[in-house]
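Okay, so here's the structure we're looking at.
Only the coordinates and a few stated rules stand behind these numbers; no lab work does. Only a predicted model underlies this, so the values are computations on that prediction, with no experimental measurement involved. Note: ideal-geometry Cβ built from the backbone for every residue, glycine included; neighbour counts use all protein chains shown.
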Amino acid sequence: MGMNFNRKLPIPKEIKELYPLTEKIAKIKEEKDKEIADIFEGKDKRLLLVIGPCSADKEEPVIDYISRLVKVQEQVKDKVFIIPRIYTGKPRTTGAGYKGMLHQPDPTKKEDMLQGIISVRKLHARAIEETGFVCADEMLYTENYRYISDLISYVAVGARSVENQQHRLTASGMDIPCGMKNPTSGDISVMLNSITAAQSSHTFLFRGWEVTSDGNPYAHAILRGYVNKHGEAIPNYHYEDLRHLCEVYTENKFVNPSVIVDCNHSNSGKKYLEQIRIAKEVLYSKRHNADLEGFIKGLMIESYIEDGCQKAEEGVYGKSITDPCLGWEKTEKLILEIADAL
């Protein structure tokens, strides 16, 4: 019984000093962060596309996947701004199963969180250095955000974390966009409360410090569907859902009103091929209504090199070991179709 303290980990400042940014990475991030901010402020009309594996499992296939996006980004650069997903923490409903690269830098070996922290930092840095993309990660644990705060350009707070006070307050101290997902219950008031908290200033405890946040003007909504009392997946990406959320946003006078639609999870019922249809329907809604045109800022899509998913021990290169993803051929085709629809 009880909690065993295995070892004391280095603080983020120490890890950053051991693995510092290059001038090239810092410059790319500064430039890309400005472009992303302009999209949320409505100055840049391009669509954000947060796309990539459900969870980043191994460095080589993740970099391979992101490198493939470079050519596609060039083809659609006037209409679409791609932010690759490097999600290194995987929320688990029961606590069982693979919890992401942060826990297991090698999913076939035992947990090693120090090596996980280092691997995550190296992977995000390598992605920027080699591809010129700035990437997204999910803030599964608020304590870990500072280890990569100088590398990532987009953060998502998941459906199981969005009601948590510490996640909301930590988001309020970020200077990059932070998407707050609707909870698994689907109650959008919970999501809206989290956005209110994230856009406000707070004084709170963080990593042993008393800190004061400025408030994050780029905190926004992510619709990911929900589960009803019978355990059935219910989508919330339809035109009526988007119009209603836009109206509520207007009533509450949020800064930079924005929503990103997650095309997988409960919106697709985890039927990954449905993401193609869902993305196209959301874009139709965006074109159909002038208010939604500016309100819908982007899409989230789960994709990797190979279609579907597998068990970690199967070892298929570039195939998800968590939720099923679109394979590369379907991904490339979909991105081009998204650009054509804008």
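Observations
- Our note on the geometry: Cα centres of segment 1-39 and segment 150-220, 18 Å apart.
- Relative packing of peptides 69-77, 229-237 - highest average C-beta neighbours within 10 Å first: 69-77, 229-237
- Gyration tensor verdict on segment 62-200 (Cα atoms; rounded if a/c is under 1.5, prolate if a/b is larger than b/c, oblate otherwise): oblate
- Antiparallel DSSP beta bridges within the chain, as percent of all bridges there, nearest 5: 20
- A cut-off of 5 Å between modelled amide H atoms, ignoring neighbours fewer than 5 places along the same chain, links SER303 with GLY52, CYS54, LEU326.
- Chymotrypsin sites (Phe, Trp or Tyr not before Pro) restricted to segment 246-335 and DSSP loop, no more than 15 other C-beta within 10 Å: TYR317
- Paramagnetic label reach from LYS229 (point 7 Å along Cα→Cβ; backbone nitrogen cut-off under 16 Å): within segment 167-209, residues 185-187.
- For a straight C-alpha distance cut-off of 16 angstrom, the aspartates and glutamates reachable from LYS297 (same-chain residues fewer than eight places away being disregarded) are ASP33, GLU35, ASP38, GLU41, ASP44, ASP78, ASP241, GLU247, ASP262, GLU281.
- Pairs from LYS34/LYS333; LYS34/LYS79; LYS99/LYS311; LYS32/LYS330 whose Cα-Cα separation, in the structure shown, is over 19 Å: LYS34/LYS333; LYS32/LYS330
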